[in-house]
Amino acid sequence: MIDLLIKNGAVITMDGERRVIEGGDVAIDGGKIIEVGKGLAYEAKKTLSAEGCVVCPGFINGHSHVYQSLIEGLGYDMHFDPWNWRFLFPVVSKVTPENARAGAALAALELIKNGVTTISDHWYLHTNMNNIYQVTEVFDRAGLRAQMVFGLLDQTFAGERIDSEYMTMIQSEDMLIKEARRYHKTWHKNRRTTVALGPGSTEDISESLMIKTVKLAKELDINVSTHVAGWIEINSYTIRHFGERDLEHFHSLGLTGPRGVLFHAVWLSDREIEIVADTGTKVVHCPIANAYLGYGIAPVSQMLSRGITVGLGTDGAASYTYDMLEVARTAAMLQKATKLDAESVTAEETMEMLTTSGAKVLGLEDEIGALEVGKKADVIVVDFKAPHLLPVGRWLPKLIYSARGSDVLHTIVEGQIVMEDRKVLTMDEQKVMEDAMANREDLIERAGQETRDLEAMPWPKSGPAWRAIVK
Ligand SMILES: [Zn+2]
């Protein structure tokens, strides 16, 4: 008697041979996959029919900032810097552990409903050192696999000064190293959670803390994951301060290598792409966030052709979505459109970014990312019995180019069914949504009158002037 049997689906295995098994079954016991094939004859405590459905590895969201879940829609269609000043800082500088918990719960709910089984969250909002523990507990209880990136900012937040009243999330170098150790000890390899270290970006962290972070990551044998060359201005900043481009500077400081993860990597020179390839450094591509903010399009097809491991991420509220299928589709479309080449990124490569490569980025490729014997059973079932997904036959292009996160029927993490027939079993959906609204109101109330006025602003008739920065 095994724990779970998924029967008779189109199984996109993502195994070494990239088998797609029509009418296939997946047998799961003790949280692991014990067999994948046709007509498996197991007695199971629970059987899920996958007839007319795709069965595939759960999606991996390699980069997010879930604290922003509570402030989505508060300021929009704006450049990052004025958005920070007018909307982000006044609100997030006041985030309490309770707000952190409510935002993470909303994000967790949305992730599970979109078939995401692994989330990597870069949490640097240390307005209270308990915040990150609250978030991690929420993910753990929701049943998600998480790689939590402990953020380190001792200088600025998104380039803003430490002497501003809003910079409550910036902490001293000694405090951050001490707290990073404590957090790692508590949560690394604890159930479904692993820990990485995450400097904000070159401008957010002192060189001394950056060097200590690299040293600590080596000692603990964990990833260092950080924003690199995400916006064009950062190269001017690093050239002015260090005489090097952003990635070149990270390389000089020892951040490149198989344990180095670059978020965005939009503005890389050809030489820098060679450095990333030669050092085995990994990339998380966030195409919607990059596009929404007007930051550009990362050279993904070039990176893939150089053998660089590229995963996908949503980034923060700027993306307005946790639907990884939407992110994946955008990644492929942007490359095709800008390269004038329909073959520049294929459906197969896109699926790899969503699963196997996403796992490699997090250093979890031996455990997740494919449906093969011995791997942890992070599996989703996507319902194709819908007009926009029919007719079927060739399943993968329909999954990548037509399916939506809301087509995911069941979400399974390590053999545990966390969503069945679109109902999340590990969370009280109604309560999570009510808590999120209450916590958003609490935050906006405490942010002050200007934020309340901005929230109530009428339809902008006079163009972008209404968003003009007032300091
Ligand atoms: Zn980010």
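Need the failing condition index for residue 118 against (1) among the polar types (S, T, N, Q); (2) under 30 Å from residue 448 (Cα atoms); (3) modelled with pLDDT of 95 or more; (4) away from the ligand (no atom under 16 Å from the Cβ), just the number.
So the condition that residue 118 fails would be (2).
Give the number of residues within the range 185-208 that are in contact with a strand residue (DSSP E or B) (Cβ under 7 Å, 6 or more places away or on another chain), part of a helix (DSSP H, G or I) and surrounded by fewer than 22 Cβ atoms within 10 Å (Cβ to Cβ).
Result for the range 185-208: 1.
Exactly one of (1) in contact (Cβ under 8 Å) with a residue 60 or more places away in the chain; (2) among the β-branched types (Val, Ile, Thr); (3) more than 16 Å from the ligand (Cβ to nearest atom) is unmet by residue 195. Its number?
(1)
I'd like to know if the range 216-235 contains one or more residues that are assigned to a helix (DSSP H, G or I), at negative phi and hydroxyl-bearing (Ser, Thr, Tyr).
No, the range 216-235 has no match at all.
Would you mind stating whether residue 112 is crowded, with 24+ Cβ neighbours inside 10 Å and either within 16 Å of the ligand (Cβ to nearest atom) or outside the structural domain of residue 288 (by TED's automatic domain parsing) (or both)?
Taking the combined requirement at face value, the residue does not satisfy it.
Quick check: anything in the range 136-149 within 16 Å of the ligand (Cβ to nearest atom) and out of contact with any Ser or Thr (no Cβ under 8 Å at 6 or more places or on another chain)?
Checked against the condition, which is being within 16 Å of the ligand (Cβ to nearest atom) and out of contact with any Ser or Thr (no Cβ under 8 Å at 6 or more places or on another chain), the range 136-149 yields no hits at all.
Taking only the range 151-169 into account, find how many residues are of a type outside the set (A, V, I, L, M, F, W, C) and within 23 Å of residue 136 (Cα to Cα).
Here the count works out to 3.
When you look at residue 346, is it more than 25 Å from residue 3 (Cβ to Cβ), of a type in the set (Ser, Thr, Tyr) and either crowded, with 16+ Cβ neighbours inside 10 Å or touching a His at 6+ places or on another chain (Cβ under 8 Å) (or both), yes or no?
Yes: the conditions hold for residue 346.
Looking at the structure I just gave you, is residue 67 touching a helix residue (DSSP H, G or I) at 6+ places or on another chain (Cβ under 8 Å) and hydroxyl-bearing (Ser, Thr, Tyr)?
Against the criterion (touching a helix residue (DSSP H, G or I) at 6+ places or on another chain (Cβ under 8 Å) and hydroxyl-bearing (Ser, Thr, Tyr)), residue 67 qualifies.
Please give the strands (runs of 3 or more DSSP E) falling wholly within the range 1-90 in which 1 or more residues are at positive phi, modelled with pLDDT of 95 or more and crowded, with 16+ Cβ neighbours inside 10 Å.
Answer list for the range 1-90: 2-12.
Pull out all pairs, ordered by first then second residue, where Cβ-Cβ is under 7 Å, the residues are six or more apart or on different chains, the first lies in the range 249-268 and is free of Cβ contacts under 8 Å to residues at least 12 places away in the same chain, and the second is in a loop (DSSP other than H, G, I, E, B) and more than 16 Å from the ligand (Cβ to nearest atom).
252/244
The values are calculated or read from the model by the stated rules, or taken from the named source; none is laboratory data. On a predicted model such as this, the values are computed, not experimentally measured, just so you know. So basically every Cβ, Gly included, is an ideal-geometry build from the backbone, and we count neighbours across all protein chains shown.
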